[in-house]
């Protein structure tokens, strides 16, 4: 089995990014890829909302337990809604993650067709992420949260040494556990999902495909993580530059719209009623989402390079998992005698 060559994957990944985004340049493809990454980046009583100036700042906050007991049906419905909404977005993020792999591989910007074809693989990946996230949360709760709560609640004012020991335990156990979980999630995202895509298999079969590769290339895997940290820092700086540039470009039109809105506000003698607040929040959300979407579109060179890099590394280790070709320059013509 060929081995990984992490350093040798940089040039092919960059060349593939250029091919996908610039040869030829297609605005429609950029917009589609930006939309995909935005989703894949993947929670009746009498209310008195008086003026803040009329509020008695010296008054005590209401008893939380009695407030929860009074409004628990609304809280339960709201919590259930947030959970369902979070799960829907997490599922969409998993499916669009697979779609992004497909579009990068085929140099495409399609959404509808790969969504129908890959939603089964995305669902498998989503279920693994859900189970893995619950398992990590429970493990952190049992090993970290429960000991801390037990020591700080039961010891009360005594047991300073025990509290210090509990904090040290939380740091020594919690940090390695969080790092391990992050590395496992990284391997799933960068290697398991491409293996699922190529072989059209579920997530567990994807892990069975990838684990032998990771064991056989342990040194290169460590180098991959270190190099990925450096690449992520570079991508972050690039994203920051794009953010500043976009903010400067949009400052004038947004400022004009804001000034126009202020003039309308003054002319209409509007006040902060609930309909006005709802409209303001809605407009703010639309502007924010639009700005995030434009940033995703503008940072596609970094996004495509990052994804192509992991695809090239995996293809190096197993030729049957190649998705991004290794580009080689055309042979130089022989000199004429």
Taking the criterion of being within 20 Å of residue 32 (Cβ to Cβ) and assigned to a helix (DSSP H, G or I), would at least one residue in the stretch 174-184 satisfy it?
no
Could you please tell me which pairs satisfy a Cβ distance under 7 Å, a separation of 6+ or placement on different chains, a first residue in the stretch 71-91 that is farther than 28 Å from residue 39 by Cβ, and a second residue that is in a helix (DSSP H, G or I)?
75/68
Can residue 65 be described as at pLDDT 70 or above, part of a helix (DSSP H, G or I) and farther than 30 Å from residue 31 by Cα?
no
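Each row is one residue, and each column tells you yes or no for (1) at pLDDT 95 or above; (2) over 18 Å from the mean Cα position of the chain (by Cα); (3) over 30 Å from residue 164 (Cβ atoms).
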position	(1), (2), (3)
107	no, yes, yes
110	no, yes, yes
123	yes, no, yes
131	yes, no, yes
139	no, yes, no
146	no, yes, no
150	no, yes, no
What pairs can you find where one residue is in the stretch 272-292 and at pLDDT below 75, the other is assigned to a helix (DSSP H, G or I), and their Cβ atoms are less than 6 Å apart, with a gap of 6+ or different chains?
none
In the set 256, 240, 211, 260, the lone residue that is in a helix (DSSP H, G or I) and under 21 Å from residue 303 (Cβ atoms) is 240
Determine which member of the set 317, 247, 298, 259 is at pLDDT 70 or above, farther than 30 Å from residue 27 by Cα and in contact with a helix residue (DSSP H, G or I) (Cβ under 9 Å, 6 or more places away or on another chain).
317
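For every residue, the table says whether it meets (1) exposed (fewer than 14 other Cβ atoms within 10 Å of the Cβ); (2) outside any helix (DSSP H, G or I); (3) at pLDDT below 95.
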{"site": "161", "(1), (2), (3)": "yes, no, yes"}
{"site": "170", "(1), (2), (3)": "no, no, yes"}
{"site": "192", "(1), (2), (3)": "no, no, no"}
{"site": "197", "(1), (2), (3)": "no, no, no"}
Of the residues 225, 213, 231, only one is more than 28 Å from residue 127 (Cα to Cα) and surrounded by 12 or more Cβ atoms within 10 Å (Cβ to Cβ); which?
231
Contact list please: Cβ distance under 7 Å, first residue in the stretch 205-228 and more than 16 Å from residue 189 (Cα to Cα), second residue outside any helix (DSSP H, G or I), pairs at least six apart or on different chains.
216/1; 217/3; 217/4; 220/3; 220/4; 220/6; 223/6; 227/6
One residue is enough: does the stretch 278-296 have a residue meeting the conditions surrounded by 10 or more Cβ atoms within 10 Å (Cβ to Cβ), out of contact with any strand residue (DSSP E or B) (no Cβ under 6 Å at 6 or more places or on another chain) and closer than 30 Å to residue 4 by Cβ?
yes
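The values are calculated or read from the model by the stated rules, or taken from the named source; none is laboratory data. No experiment lies behind these values; they were computed from the predicted model shown. Here Cβ is always computed from backbone atoms with ideal geometry, including for glycine, and neighbour counts include all displayed protein chains.
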